[in-house]
Amino acid sequence: MKKLLFMIALVLGATAMNAQEMCCKTKNGTPVLPEAGEFSIGIDAVPVLNYFGNLFSEAGNNAAVGYQQANTITGTYMKTANLAYRGKLRIGFNNSTVDSVETSGTNLTVGAGVMKYRGKGRLQGYYGAEAGISTSSSSVTVSGNEAKAPNTMGFYGRGFVGAQYFVAPKVSIGTEYG
């Protein structure tokens, strides 16, 4: 009886290991999860969600909420399978005119951080910290009279947690809270 139970456990264990391997590779053997030495880029989906959300509504500007500023690109370098370094860059320009009031501004943000991954299969949780610096300037012109705001410079530090689900090899959608 012990030999039979041992054989059943062995077969089930081998099947479970095989299923785990298939979870992280495609049928032709391509790894789904990022590997050490690989780079990735990411963008915030909030501007895209706002655009498509407003296509189906006459109620005005329906805004999704996100932490990351629009037009921010995030790059990640996988140091190991569970450790990544990331950097952020935002170069923002704003010009608008409403009822003879013209506003303009610029914003530059640069940041760097570290993140650790934990998870099984295609769903990967992560946590980490980042720090950065930003600078901005703006002006408002009303009927030919221009008022410039003082230039600003700021520093930030934040912790974050998030999750990514890999829908295809090296392609994921995710969410982050910081």
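The values are calculated or read from the model by the stated rules, or taken from the named source; none is laboratory data. All values derive from a computational prediction rather than experimental measurement. Glycine also receives a Cβ, built like all others from the backbone with ideal geometry; neighbour counts cover every protein chain displayed. Note: areas computed on protein heavy atoms with side chains; ligands, DNA, RNA excluded. Shrake-Rupley method; radii C 1.70, N 1.55, O 1.52, S 1.80 Å.
Some values worked out for this structure:
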quantity: For the stretch 25-178: accessible area per residue (Å², 1.4 Å); calculated: 66
quantity: Neighbourhood charge, 10 Å Cβ-Cβ cut-off, centred on THR141 and excluding it, Lys, Arg +1 and Asp, Glu -1; calculated: -1
quantity: Accessible area, probe 1.4 Å, largest first, for residues ILE41, ILE133; calculated: ILE41, ILE133
quantity: With all protein chains modelled, accessible area of TYR156 [1.4 Å, Å²]; calculated: 60
quantity: 20 Å Cα-Cα reach of LYS27 towards aspartates and glutamates, excluding residues that sit fewer than 8 places from it in its own chain; calculated: GLU35
quantity: Inter-label distance for ASN54 and VAL167, nm, one decimal - labels placed 7 Å from Cα along Cα-to-Cβ; calculated: 2.3
quantity: Contour minus Cα-Cα distance for VAL110 and TYR85 (0.36 nm per residue); calculated: 7.6 nm
quantity: Quotient of Cα Rg and 2.2 N^0.38 Å for the stretch 66-178, N being how many residues it contains; calculated: 1.40
